[in-house]
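Below you'll find the structure, written out as structure tokens, and then a few comments.
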Amino acid sequence: QVQLVESGGGLVQPGGSLRLSCVVSGSIRSIYIMNWYRQAPGKQREFVAGITNDGSTNYVDSGKGRFTISRDNAKDTVYLQMNSLNPEDTAVYYCNAETPAYSYWGQGTQVTVSS
């Protein structure tokens with residue numbers, strides 16, 4: 001079992017920044033990749049960023065150059081730094097952990113970009 005707890009969402013003005021955090025607990029050694037996804041109202045959940053155990057990263061095209069995913073193994077935490085936010089980034093952001101047997105999800109954190 002893996003537990004994921006996100007935090008760091010909120011209301012931010014266009015052009016602003018937020019850093020999301022995802023604290024991981026449980027069977028951490030079974031995880032081979034950590035991802036962030038988001039879901040906007042009326043839309044499907046979409047991939048935002050991912051980081052593997054060896055530190056390789058991948059991003060949605062709209063996030064390249066603006067978003068940075070990182071991990072602090074000492075704190076069992078994965079971060080998503082988001083800069084130059086725009087209203088299209090408004091969504092619930094979810095942390096995801098992939099293991100060979102199962103896919104785990106956090107409860108989500110709301111990000112709203114509005115003036």
Filter result (of a type in the set (A, V, I, L, M), surrounded by fewer than 22 Cβ atoms within 10 Å (Cβ to Cβ) and over 16 Å from ARG29 (Cα atoms)) within the range 92-115: VAL92, VAL113
Close pairs (6 angstrom Cβ cut-off, 6 or more residues apart or separate chains): within 13 Å of GLY108 (Cβ to Cβ) and in contact (Cβ under 8 Å) with a residue 60 or more places away in the chain in the range 1-15, surrounded by fewer than 17 Cβ atoms within 10 Å (Cβ to Cβ) and not hydroxyl-bearing (Ser, Thr, Tyr) anywhere: VAL5/VAL23; GLY8/ARG19; GLY9/GLN110
Residue within the range 66-83 that is closer than 23 Å to GLN13 by Cβ, without any contact (Cβ under 8 Å) to a residue 24 or more places away in the chain, of a type in the set (D, E, K, R) and in contact with a helix residue (DSSP H, G or I) (Cβ under 9 Å, 6 or more places away or on another chain) present: yes
Residue identified as among the aliphatic types (A, V, I, L, M), out of contact with any Ser or Thr (no Cβ under 7 Å at 6 or more places or on another chain) and outside any strand (DSSP E or B) among ALA101, ALA97: ALA101
Every pair of residues 6+ apart whose Cβ atoms lie under 6 Å, when the first sits in the range 30-45 and is more than 18 Å from VAL5 (Cβ to Cβ) while the second is among the aromatic types (Phe, Trp, Tyr) and open to solvent by 20 Å² or more (accessible area, probe 1.4 Å): ARG45/TYR37
Any chance SER84 is at pLDDT 95 or above and more than 18 Å from SER56 (Cα to Cα): yes
Selection within the range 62-80 - over 18 Å from GLN107 (Cα atoms) and either more than 15 Å from the chain's Cα centre (by Cα) or of a type in the set (Phe, Trp, Tyr) (or both): GLY65, PHE67, ASN73, ALA74, LYS75
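Of all strands (runs of 3 or more DSSP E) completely enclosed by the range 1-64, which ones contain at least 3 residues that are open to solvent by less than 50 Å² (accessible area, probe 1.4 Å) and touching a strand residue (DSSP E or B) at 6+ places or on another chain (Cβ under 8 Å)? Steps first, please.
Details: elements: 2-7, 10-12, 18-26, 33-39, 46-52, 57-59.
Fully inside the range 1-64 and qualifying: 2-7, 18-26, 33-39, 46-52.
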Residue in the range 67-79 that is open to solvent by 40 Å² or more (accessible area, probe 1.4 Å), of a type in the set (S, T, N, Q) and outside any strand (DSSP E or B) present: yes
Scan of the range 1-38 for residues that are closer than 17 Å to ALA97 by Cβ and among the polar types (S, T, N, Q), ordered by number: GLN1, GLN3, SER7, SER21, SER25, SER27, SER30, ASN35
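The values are calculated or read from the model by the stated rules, or taken from the named source; none is laboratory data. Worth saying up front: this structure is predicted, and the values here are computed from it rather than measured. Positions of Cβ are backbone-derived with ideal geometry, glycine not excepted, and every protein chain shown enters the neighbour counts. The accessibility values were calculated without ligands, DNA or RNA, using every heavy atom of the protein model including side chains. Shrake-Rupley method; radii C 1.70, N 1.55, O 1.52, S 1.80 Å.
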